[in-house]
1. Note down the relative contact order for the chain as a percent, whole number, built from C-alpha pairs under 8 angstrom at least six residues apart.
2. Have a look at Val268, Val326, Val300 and tell me which one the Gaussian network model of the chain (Cα, springs below 10 Å) gives the largest fluctuation.
3. I want the local charge near Ala110. Using Cβ-Cβ distances under 13 Å, sum +1 for each Lys or Arg and -1 for each Asp or Glu among the other residues.
4. At a probe size of 1.4 Å, how large is the accessible area of Asp159, to the nearest 10 Å²?
5. Once neighbouring chains are kept in place and the probe is 1.4 Å, which whole percent of the accessible area of the range 286-330 is contributed by carbon and sulfur?
6. When averaged across all projection directions, what area in nm² does the alpha-carbon convex hull of the chain cover?
7. What distance in nm separates the two pseudo spin-label positions at Arg261 and His29, each 7 Å out from Cα along the beta-carbon direction?
8. Let me have the relative contact order for the range 1-94, percent, based on Cα pairs under 8 Å that are six or more residues apart.
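The values are calculated or read from the model by the stated rules, or taken from the named source; none is laboratory data. No experiment lies behind these values; they were computed from the predicted model shown. Positions of Cβ are generated from backbone atoms using ideal geometry, with glycine treated the same way; all protein chains shown enter the neighbour counts. Areas reflect the complete protein model, heavy atoms only, side chains present, ligands, DNA and RNA absent. Shrake-Rupley method; radii C 1.70, N 1.55, O 1.52, S 1.80 Å.
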Amino acid sequence: MGSASVYSLTRPGPHRRRVLGIDRFAPPHGLGSSHGRTRIIREAYFEHPAYVPVVRRAFDLWRELERSVGRPLYRKTRGLNIGPEDGTLVRGARASVAAFKVPHQILSAAGIRRQFPGLQPLDEMIGVLEERAGVLFPEECIRAMLSQAAKAGAELKLDEAVVSWDAADDGVRVTTTAGEYRAKQLVLAGGAWMGQLMPELRGVLSVVRQPIHWFDPASHDEDFGPDRCPVTLWEYGPNRVFYTLPDFGDGVKAGVHYEGRAVDPDRVDRQTSTSEDAQVTDLLRRFMPHAKGRLRESQVCLYTNTPDLHFIVDVHPVHAKRVVVVSACSGHGFKFATAVGEIVTDLVTGSAPRYDLSMFRLTRFQ
Ligand SMILES: Cc1cc2nc3c(=O)[nH]c(=O)nc-3n(C[C@H](O)[C@H](O)[C@H](O)COP(=O)(O)OP(=O)(O)OC[C@H]3O[C@@H](n4cnc5c(N)ncnc54)[C@H](O)[C@@H]3O)c2cc1C
């Protein structure tokens, strides 16, 4: 979100700003929430239809960025939301496709098995198949946003941590491990560390550890490549979701959505446990049995969750003219980053909002 904000604020146009970006590490890095080589982008948004126009704008902006850097950032795979017809996932996805006329097909379990032999849903499950869904390559996306921003004049201070900040009528002051900076405005986008940058959020946000895993297919490798295997969300129990991504040469990726345990972002055990590995192995065995060969790699990533699992994108409650707050993204923010960067630019420049932002307001926690 920080890289996207820097990128958006330095794009040509009347809203362009002189920007200094500060990160305690050197993005892209593997210590926050944006690593792991792939991220799902999807439009049949089960979480809430209000996200659909935002992701549509993000699609356009990712494309534009991709053209500017001349490297692939997105790969279309199509997307499936699979679960019981009356479950949260299928109902939510259908509400979004209906509200915004998202091109889609409804498939029975047998239809899913026929079209995508790698996927083996239970008979009582159905699928919402969407055309435009696919995969973003997050490290490449971050590199692209930062390189474009630097080209446009942004100054990037990496491996430099913000220690404190304060705001007054005439501007903001930021103290880091290397010095002090003054600016007219400040955007806080600390991901899992937002509680340190904005202590008011400590009681609201929960940072959770989310393992991700890659498996070598046991057989039928051809069923799991990006041409034959859509990104898939599975409601495998009531309100319990896991997701799978096709094999880009490094294995089929799978992870459980939420269910992680709360952690301090400065003390994260980066090894997955036997029970975490076993949970995903078992889910894959049940729903994509041929994909479940050797577990070749696991990583740990962090979600920063709000109580309602919607984002925070808002002005600061006390320093509204000076400070914008962005993240937490509750485990589903990456796909929106370019569009969120643009919303941040609107908030910084005081422009009229492009979307109804009430779902993302800080006041909802009062
Ligand atoms: C396993 C996993 C799978 C996911 N899958 C998807 C998906 O398929 N699709 C999707 O859309 N989203 C997905 N997400 C969610 C998405 O990746 C995150 O919502 C998004 O990347 C969060 O971005 P962020 O900028 O808030 O956090 P980060 O990218 O972690 O950035 C926060 C930055 O703030 C910096 N920082 C923190 N404190 C300081 C400080 N004091 N001084 C300076 N810098 C500081 C950190 O170094 C870090 O670089 C997934 C997340 C995980 C963990």
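1. 23
2. Residue with maximal mean-square fluctuation among Val268, Val326, Val300: Val268.
3. For residues surrounding Ala110, the net value is 0.
4. Taking all protein chains as shown, Asp159 has close to 110 Å².
5. 53
6. Projected area, direction-averaged: 17.4 nm².
7. 2.5
8. So the answer I get is 21 percent.
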